[in-house]
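Please read the structure below before turning to the comments.
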Amino acid sequence: MPDDKPDSALYAHRIIVRPTSNVSGLGTALLDWASKRASKFGKEWLRIDAWKTNAKLGRYYESQGFEHVRTVDLPHRNSGALYQRPAGSIKGGGPRYLALEVPQLDENGHAEWGTSSEV
């Protein structure tokens, strides 16, 4: 919706951690990383769109500092529950990451892939 100022947010899409993963707090670490990236790129919000029927996932996002913005119920889509938290906000408690491949933008705004040791 235009009132949401879509350009003011970084949208995390399809972040999936297997329930059988043996890495405690991996989802927290991924969301914290995305939140830091949102802040670095001057965004106000980190937003997540989840399945509207997955109440357990919604509660998880809320436990990670997200607030439920709204749910849009379109018959042809399973997703539609929008959550957001302020960019740069960190929940903590997940594993520490040292180097991830992230796009570095050139002077024209095009991605140049490299590694970054920022946390």
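Out of curiosity, is THR53 out of contact with any Lys or Arg (no Cβ under 9 Å at 6 or more places or on another chain), at pLDDT below 80 and among the β-branched types (Val, Ile, Thr)? So THR53 does not fit the description; no. Selection of the stretch 57-78 for residues being open to solvent by 70 Å² or more (accessible area, probe 1.4 Å) and either modelled with pLDDT under 90 or in contact with a Ser or Thr (Cβ under 8 Å, 6 or more places away or on another chain) (or both) yields ASP73, PRO75, HIS76, ARG77, ASN78.
Let's see how each residue does on (1) outside any loop (DSSP other than H, G, I, E, B); (2) open to solvent by 30 Å² or more (accessible area, probe 1.4 Å); (3) modelled with pLDDT under 75:
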{"site": "GLY80", "(1), (2), (3)": "yes, no, no"}
{"site": "ARG85", "(1), (2), (3)": "yes, no, no"}
{"site": "ILE90", "(1), (2), (3)": "no, yes, no"}
{"site": "GLY93", "(1), (2), (3)": "no, yes, no"}
{"site": "ARG96", "(1), (2), (3)": "no, yes, yes"}
{"site": "GLU107", "(1), (2), (3)": "no, yes, no"}
{"site": "VAL119", "(1), (2), (3)": "no, yes, yes"}
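Quick one: in the stretch 22-56, which of the residues that are polar (S, T, N, Q) and surrounded by 11 or more Cβ atoms within 10 Å (Cβ to Cβ) is farthest from VAL72 (Cα to Cα)? Among residues in the stretch 22-56 that are polar (S, T, N, Q) and surrounded by 11 or more Cβ atoms within 10 Å (Cβ to Cβ), the one farthest from VAL72 (Cα to Cα) is SER24. Looking only at residues in the stretch 24-43 that are among the polar types (S, T, N, Q) and part of a helix (DSSP H, G or I), the one that is farthest from PRO6 (Cα to Cα) is THR28. In the stretch 1-21, how many are in contact (Cβ under 8 Å) with a residue 24 or more places away in the chain, open to solvent by 60 Å² or more (accessible area, probe 1.4 Å) and among the hydroxyl-bearing types (Ser, Thr, Tyr)? Number of matching residues: 1.
Within the stretch 5-55, the set of residues being among the charged types (D, E, K, R), within 12 Å of TYR83 (Cβ to Cβ) and within 12 Å of the chain's Cα centre (by Cα) comprises ARG47, ASP49.
In the stretch 44-78, which residues are of a type outside the set (Lys, Arg), assigned to a strand (DSSP E or B) and in contact with a Leu (Cβ under 9 Å, 6 or more places away or on another chain)?
Residues of the stretch 44-78 that are of a type outside the set (Lys, Arg), as a first pass: 44-46, 48-51, 53-55, 57-58, 60-69, 71-76, 78.
Subset that is assigned to a strand (DSSP E or B): 45-46, 48-51, 67-69, 71.
TRP45, LEU46, ILE48, ASP49, ALA50, TRP51, HIS68, VAL69, THR71 - these are the residues of the stretch 44-78 that are of a type outside the set (Lys, Arg), assigned to a strand (DSSP E or B) and in contact with a Leu (Cβ under 9 Å, 6 or more places away or on another chain).
The values are calculated or read from the model by the stated rules, or taken from the named source; none is laboratory data. Given the structure is predicted, the values throughout are model-derived calculations rather than measurements. Here Cβ is always computed from backbone atoms with ideal geometry, including for glycine, and neighbour counts include all displayed protein chains. Calculation scope for accessible area: heavy atoms of the full protein, side chains included, ligands and nucleic acids excluded. Shrake-Rupley method; radii C 1.70, N 1.55, O 1.52, S 1.80 Å.
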